[in-house]
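The values are calculated or read from the model by the stated rules, or taken from the named source; none is laboratory data. Small disclaimer: the values here were computed from a predicted structure and weren't measured. So basically every Cβ, Gly included, is an ideal-geometry build from the backbone, and we count neighbours across all protein chains shown.
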Number of protein chains: 2
Amino acid sequence: MKQEKAENLGIPSFSSPALKRHSQVATPERWLMRQLLRSLGDPPIRVRFWDGAEMEPCPGEARTAVVIHDRLALWRLISHPMLHFGDDYSLGRLDVEGDLVEFLDTVFRHRPRLRSSSPTRRQLMERLQRVRRNTLRGSRENIHHHYDIGNAFYRLWLDHEMQYTCAYFPDPDMTLEAAQRAKLDHVCRKLQLKPGETVVEAGCGWGGLARHMARYYGVRVKAYNISTEQVAYARERAAQEGLADRVEYVLDDYRTIAGEYDAFVSVGMLEHVGAEQYHVLGGVIDRALKPGGRGLIHSIGQNQAQPMSAWAERRIFPGAYPPTLREMMMIFEPYDLSVLDVENLRLHYARTLEHWLQRYEASEPEVEQMFDAHFVRAWRLYLASSIASFTSGSLQLFQVLFARPQHNGLPWSRAHLYRDHNHKE
Amino acid sequence: MKQEKAENLGIPSFSSPALKRHSQVATPERWLMRQLLRSLGDPPIRVRFWDGAEMEPCPGEARTAVVIHDRLALWRLISHPMLHFGDDYSLGRLDVEGDLVEFLDTVFRHRPRLRSSSPTRRQLMERLQRVRRNTLRGSRENIHHHYDIGNAFYRLWLDHEMQYTCAYFPDPDMTLEAAQRAKLDHVCRKLQLKPGETVVEAGCGWGGLARHMARYYGVRVKAYNISTEQVAYARERAAQEGLADRVEYVLDDYRTIAGEYDAFVSVGMLEHVGAEQYHVLGGVIDRALKPGGRGLIHSIGQNQAQPMSAWAERRIFPGAYPPTLREMMMIFEPYDLSVLDVENLRLHYARTLEHWLQRYEASEPEVEQMFDAHFVRAWRLYLASSIASFTSGSLQLFQVLFARPQHNGLPWSRAHLYRDHNHKE
């Protein structure tokens with residue numbers, strides 16, 4: 001693989017090192033790698049170096065291995081493992097033997113957990129978030145980086161409604177298509193949509209939820225998104241399907257939402273909002289909701305406030321941050337909104353991603369034609385590490401349902417979500 | 001009513017005022033009452049004074065009225081409405097005409113809501129919490145005040161398992177007994193209890209949940225409580241019912257919990273913990289949970305951080321505080337616990353309280369014999385205002401289910417909570 005082809009990912013090129021690259025691994029290098037493994041909680045994996053030497057923190061237990069192809073990759077890994085593992089895997093200077101997801105799950109599972117809630121650490125985290133510019137313009141650039149790389153690319157491995165968010169599998173063996181439809185229904189049922197009502201959607205992706213709500217629940221939808229490619233696609237589909245009179249796609253930022261609606265919904269946008277903007281988002285919701293209004297936010301989250309991995313943040317999702325539930329509450333609490341229901345669907349996201357990864361891997365030749373081999377490996381790693389993040393509990397998926405505090409026309413229990421919906425498909 | 005009989009409630013006695021009590025209401029007094037009504041958001045209620053004069057912010061709309069029997073009550077109401085409404089209603093210096101719950105719901109519903117999340121306000125709230133001493137000893141005194149006033153009193157109006165927490169009504173028309181049983185099952189199912197497992201319960205009341213878990217789910221339970229009367233009752237019932245070998249009631253503070261368990265459960269204790277102790281409670285849970293452990297906390301909560309009404313805090317529940325969900329997260333986040341499910345059951349608590357109030361009112365002669373007429377009125381007001389707090393959205397009821405982050409033996413969806421449980425009883 002030629003490293004100069006990595007421009008699709010923004011990995012900086014680097015010239016050959018002064019280090020002799022193919023001599024034997026030196027004792028200090030082994031010692032440093034040992035320290036790295038220790039800091040990772042000594043996961044049961046094997047490390048193989050370019051000279052064939054091996055290292056194994058838990059002898060006999062490893063089922064997967066990382067292979068370091070040259071000295072530069074070793075030094076880069078030691079210096080900034082979170083960033084350079086991803087970059088050097090993408091460039092082919094590192095490989096994983098055995099199942100990639102299993103390797104990553106093993107590493108994530110053994111990583112020592114934070115045990116602290118000191119206000120200092122919390123403030124530090126909050127400050128780190130602030131560094132990322134989710135201003136109106138910053139958001140546009142961040143979103144363009146990820147979502148405007150081409151609808152044709154996403155079409156290779158998403159379902160036919162182009163849902164790029166966690167599906168819902170009432171039956172774990174159902175197809176991705178069925179599970180994505182089930183997710184749309186799950187969201188609509190939680191919102192208790194009634195024909196003739198109005199809905200505003202913040203961050204509508206390729207518009208599948210908006211079309212589904214209009215088609216099957218008889219509501220009128222105004223859906224906002226700042227990705228030009230997605231909005232163009234969404235408008236075209238709505239026109240083709242005769243829904244253009246009931247679904248309006250607006251190419252603009254959620255902060256410009258105007259008007260009053262019966263329901264607010266946002267699926268998979270909050271990750272891009274940035275915690276410093278939650279108060280603003282809450283204000284948008286508060287302005288947009290009628291007195292009997294209710295809303296749902298579906299977002300990746302985490303148990304403890306930590307920045308995303310440096311690699312994912314730089315190469316895949318600039319400006320993204322998965323909030324804790326405590327942080328999500330900063331949307332609702334200032335505006336006296338009642339949280340009615342929180343559901344954690346993290347294992348459903350792992351299952352969704354397994355489907356995506358399978359389809360993605362089957363499409364790797366096409367992806368390589370569209371981009372290059374580095375890109376193929378980068379996205380394979382991103383999908384695999386996302387699966388491992390959800391199976392190891394490093395990431396969560398929260399659906400949060402909320403309403404005005406005095407809205408008593410609530411469903412009496414959640415039983416309505418589970419009536420006649422447990423059938424196999 | 002003689003005011004010197006109010007010692008059961010701790011209402012200070014006061015001597016007759018210098019004010020001439022039975023002359024006509026003066027213009028400045030009417031003006032001050034007008035300001036009070038305005039600060040309450042001009043609820044559609046009527047005010048009647050001792051001289052027969054009336055005042056009504058929304059003429060023609062009022063269905064209920066407050067009657068102020070003398071000048072002292074008026075001045076006290078104006079000076080500290082939150083405290084003195086309760087005290088003077090208890091003493092019979094104030095009355096409500098029309099339905100008491102409706103009157104309170106109307107007032108709560110119109111009360112201007114806070115619209116602020118400024119860090120200063122949040123810090124101030126957090127400091128206010130800290131004033132209340134929920135030290136080991138402080139907690140004991142606070143709990144004694146409310147729960148040790150006599151099992152015979154609570155037996156008059158609770159269900160036969162003595163559940164003094166929100167019931168769960170899969171069918172809103174079911175009996176209180178059936179709904180309390182349904183609550184116990186709802187909690188046990190959320191926890192996915194399996195025979196042979198061990199459970200630790202923090203704040204077990206009269207022990208009904210512990211006995212239910214042991215009897216129907218085959219688990220061994222260690223249940224903590226610092227109310228001597230409740231623990232004595234719980235032990236006696238367990239012995240009578242042949243459960244003493246599987247349920248151990250410990251007369252001690254939750255902070256002394258030792259050992260490791262498959263599940264942690266706490267129903268209706270968090271209100272007495274105090275937000276400044278949530279980090280300590282989280283540490284207790286973290287120490288107590290096995291790797292595959294999960295837990296549930298059931299607590300009254302609120303949308304925005306505000307102290308309880310001064311009257312309820314002084315006369316009924318010293319040291320109590322209903323947290324926001326954001327504050328509850330301070331239990332889980334430091335210890336990397338995953339929140340799996342949050343359910344808001346506020347309307348179920350309103351229904352539960354309606355049953356209690358009905359039974360309570362039917363037992364008022366017995367209550368007056370046990371205590372006095374002031375006590376009868378104080379507890380009637382407390383039950384009625386609790387109903388109104390839940391119907392008006394001033395209070396919430398959160399059930400929060402959580403687990404260790406890597407516990408993947410989770411139910412795949414929540415459908416299991418709703419299988420065959422929608423029958424009428």
Exercise. Among (1) in contact with a helix residue (DSSP H, G or I) (Cβ under 6 Å, 6 or more places away or on another chain); (2) in a helix (DSSP H, G or I), which single condition is B:Gly319 missing?
Worked result: (2)
Exercise. Right, A:Tyr254: hydroxyl-bearing (Ser, Thr, Tyr), surrounded by fewer than 23 Cβ atoms within 10 Å (Cβ to Cβ) and modelled with pLDDT of 95 or more or not?
Worked result: no
Exercise. Given the structure, is A:Lys222 within 11 Å of A:Val265 (Cα to Cα) and touching a residue at least 60 places away in the same chain (Cβ under 8 Å)?
Worked result: no
For this session: Quick one: which residue in B:Val267, B:Val250, B:Val231, B:Val219 is aliphatic (A, V, I, L, M), within 19 Å of B:Lys183 (Cα to Cα) and within 24 Å of the chain's Cα centre (by Cα)?
Result: B:Val267
For this session: Would you check if there is a residue in the range A:412-422 being closer than 30 Å to B:Arg326 by Cβ, facing another protein chain (nearest Cβ under 8 Å), part of a loop (DSSP other than H, G, I, E, B) and in contact (Cβ under 8 Å) with a residue 40 or more places away in the chain?
Result: no
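Residues checked against (1) out of contact with any strand residue (DSSP E or B) (no Cβ under 6 Å at 6 or more places or on another chain); (2) closer than 25 Å to B:His407 by Cα:
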{"position": "A:Glu361", "(1), (2)": "yes, no"}
{"position": "A:Glu364", "(1), (2)": "yes, no"}
{"position": "A:Phe390", "(1), (2)": "yes, yes"}
{"position": "A:Gln396", "(1), (2)": "no, yes"}
{"position": "A:Gln399", "(1), (2)": "no, yes"}
{"position": "A:His416", "(1), (2)": "yes, no"}
{"position": "A:Asp420", "(1), (2)": "yes, no"}
Exercise. Are any of the residues in the range A:157-166 surrounded by 17 or more Cβ atoms within 10 Å (Cβ to Cβ) and either over 22 Å from the mean Cα position of the chain (by Cα) or in a helix (DSSP H, G or I) (or both)?
Worked result: no
For this session: Could you pull out every one of the strands (runs of 3 or more DSSP E) wholly within the range A:179-284 that has 2 or more residues that are farther than 27 Å from A:Pro322 by Cβ?
Result: A:247-251
Problem set entry | Scope the range B:179-208; condition farther than 26 Å from B:Leu281 by Cα and either surrounded by fewer than 17 Cβ atoms within 10 Å (Cβ to Cβ) or within 14 Å of chain A (Cβ to nearest Cβ) (or both); matching residues | B:Ala179, B:Ala182, B:Pro195
Problem set entry | Residues of the range A:365-378 that turn out to be in contact (Cβ under 8 Å) with a residue 60 or more places away in the chain and either part of a helix (DSSP H, G or I) or out of contact with any Lys or Arg (no Cβ under 8 Å at 6 or more places or on another chain) (or both), as a count | 9
Exercise. With B:Asp105, B:Asp87 as the choices, which residue is in a helix (DSSP H, G or I), outside the structural domain of B:Leu383 (by TED's automatic domain parsing) and modelled with pLDDT under 95?
Worked result: B:Asp87
Problem set entry | B:Gly283 surrounded by fewer than 18 Cβ atoms within 10 Å (Cβ to Cβ), on the phi > 0 side of the Ramachandran plot and not charged (D, E, K, R) | no
Problem set entry | Candidate set: the range A:328-371, residues that are closer than 26 Å to A:Phe169 by Cβ and of a type in the set (S, T, N, Q); chosen: the one nearest to the other protein chains (Cβ to nearest Cβ) | A:Asn344
Exercise. Which of the residues spanning the range A:49-69 are buried (at least 18 other Cβ atoms within 10 Å of the Cβ) and part of a loop (DSSP other than H, G, I, E, B)?
Worked result: A:Phe49, A:Trp50, A:Pro57, A:Ala62, A:Thr64, A:His69
Exercise. Out of curiosity, is A:Val376 under 30 Å from B:Val107 (Cα atoms) and at pLDDT 95 or above?
Worked result: no
Seminar exercise, completed: For the range B:264-310, the count of residues that are among the basic types (Lys, Arg), touching a strand residue (DSSP E or B) at 6+ places or on another chain (Cβ under 9 Å) and within 13 Å of chain A (Cβ to nearest Cβ) equals 1
For this session: Answer yes or no as to whether A:Leu381 is of a type outside the set (Phe, Trp, Tyr), within 14 Å of another protein chain (Cβ to nearest Cβ) and crowded, with 22+ Cβ neighbours inside 10 Å.
Result: no
For this session: Mind listing whichever residues of the range A:300-323 are surrounded by fewer than 23 Cβ atoms within 10 Å (Cβ to Cβ) and polar (S, T, N, Q)?
Result: A:Gln304, A:Gln306, A:Ser309
Exercise. Would you say B:Ser386 is more than 8 Å from every other protein chain (Cβ to nearest Cβ), without any contact (Cβ under 8 Å) to a residue 40 or more places away in the chain and out of contact with any Lys or Arg (no Cβ under 8 Å at 6 or more places or on another chain)?
Worked result: yes
For this session: Could you tell me whether B:Glu276 is more than 22 Å from the chain's Cα centre (by Cα) and surrounded by fewer than 18 Cβ atoms within 10 Å (Cβ to Cβ)?
Result: no
